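Just below is one structure, and these are the notes that go with it.
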Amino acid sequence: MQYLPIKTRRLNPPQDDLFSVLDESLINLKEEDLVLITSKVVAIHQGRSLAFKDAPAKRELVEQEAEEFIEGHNKYFSSPLAIKYGAMFYGAGIDESNSGEYYTFLPDEPFEAAKEIWQYLKEKHKLEKLGVIITDSHSLPLRRGVSGISIGNWGFHPINNHVGKRDLFGREMKLSSTNISDSVSAGAAAVSGETDESTPLVIAREVPNVVFTDQDTRDEVLVAPEDDIYYPVTKIFYEKD
């Protein structure tokens, strides 16, 4: 398995053309590649940026963007914590980095955005099997630093289900599965960077156990809050009223 970071020109808010960057920078895609694209450049492509001078207080923006939110830790300026697109972020994913004098939000409809990019790249590069993942960075509880997470994907099954398989000692697996889209996103974060690297695209090549499809697979990866293993912790988001 390989991670190939792709350097591109800078995309400038409030809006810029991602597809021209894909044309310029992705010149050697192969069958069964996964293309990972940071949410920042997808959002800028969509025009999801707002100038500081035109914006209300960031907290108001967070409350507008969050699906659910709770008060965060006063030590961190991006409080409050928020649920957005089935994941937990502080500040609802609203970011000032690599955005000039703008706030950039998470992209609209990330699964549909991934599908649009997937269709474009498949046709342009004449590929049968291709995956697209839109990634973002988030912080894990009890860990410093950020790691990568998928907020939308298309072209492959994001979950590799192990139920019914047996382990080394013959024990049948009852619940286990591997989240391919988030696992690959975490690896891409290690090579794409967070500052001035200008590598918003990463090709993950020869990823094992990927099953490609043209179907909508979001229901495989998203779980209802009350069915989540972490609901005893996250229920504070939903029960705050």
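The values are calculated or read from the model by the stated rules, or taken from the named source; none is laboratory data. Just so it is clear, the structure is predicted and the values come from calculations on it, not from any experiment. Every residue, glycine among them, receives a Cβ derived from its backbone with ideal geometry; neighbour counts consider all protein chains shown.
Among the residues of the stretch 47-61, those identified as crowded, with 17+ Cβ neighbours inside 10 Å and either assigned to a helix (DSSP H, G or I) or in contact with a Cys (Cβ under 7 Å, 6 or more places away or on another chain) (or both) are 58, 61. Looking across the stretch 123-137, the residues that are buried (at least 18 other Cβ atoms within 10 Å of the Cβ) and of a type outside the set (Gly, Ala, Ser) come down to 130, 132, 133, 134, 135, 136. Taken over the stretch 125-144, the criterion of being closer than 16 Å to residue 203 by Cα and either within 14 Å of the chain's Cα centre (by Cα) or assigned to a helix (DSSP H, G or I) (or both) is satisfied by 125, 131, 132, 133, 134, 135, 136. In this structure, does residue 115 turn out to be part of a helix (DSSP H, G or I) and either of a type outside the set (A, V, I, L, M) or without any contact (Cβ under 8 Å) to a residue 12 or more places away in the chain (or both)? So residue 115 fits the description; yes.
You will find that of 204, 186, the residue that is in a strand (DSSP E or B) and modelled with pLDDT of 95 or more is 204 and no other. Within the set 40, 30, the sole residue that is more than 30 Å from residue 239 (Cβ to Cβ), in contact (Cβ under 8 Å) with a residue 40 or more places away in the chain and more than 19 Å from the chain's Cα centre (by Cα) turns out to be 30. Scanning the stretch 177-198 finds no residues that are in contact with a Lys or Arg (Cβ under 9 Å, 6 or more places away or on another chain) and either closer than 29 Å to residue 228 by Cβ or among the β-branched types (Val, Ile, Thr) (or both). Consider residue 161 carefully, then state whether it is more than 17 Å from residue 203 (Cα to Cα) and touching a residue at least 12 places away in the same chain (Cβ under 8 Å). Considered against the rule, which asks whether it is more than 17 Å from residue 203 (Cα to Cα) and touching a residue at least 12 places away in the same chain (Cβ under 8 Å), residue 161 comes out as yes.
When we screen 40, 84 for residues that are under 25 Å from residue 231 (Cβ atoms) and crowded, with 18+ Cβ neighbours inside 10 Å, the only hit is 84.
Taking the numbered list (1) outside any strand (DSSP E or B); (2) in contact with a helix residue (DSSP H, G or I) (Cβ under 6 Å, 6 or more places away or on another chain) in turn, residue 147 passes all entries but (1). Selection of the stretch 157-181 for residues being of a type in the set (A, V, I, L, M, F, W, C), under 21 Å from the mean Cα position of the chain (by Cα) and either surrounded by fewer than 24 Cβ atoms within 10 Å (Cβ to Cβ) or modelled with pLDDT under 95 (or both) yields only 159.
Among the residues of the stretch 62-83, those identified as in a strand (DSSP E or B) and either at pLDDT 95 or above or among the aliphatic types (A, V, I, L, M) (or both) are 70, 81, 82, 83. Residue 97 passes every criterion in (1) surrounded by 13 or more Cβ atoms within 10 Å (Cβ to Cβ); (2) closer than 26 Å to residue 199 by Cβ; (3) within 18 Å of the chain's Cα centre (by Cα) apart from (1).
Considering (1) over 19 Å from the mean Cα position of the chain (by Cα); (2) in a strand (DSSP E or B); (3) closer than 24 Å to residue 6 by Cβ, the lone condition that residue 122 does not fulfil carries the number (2).
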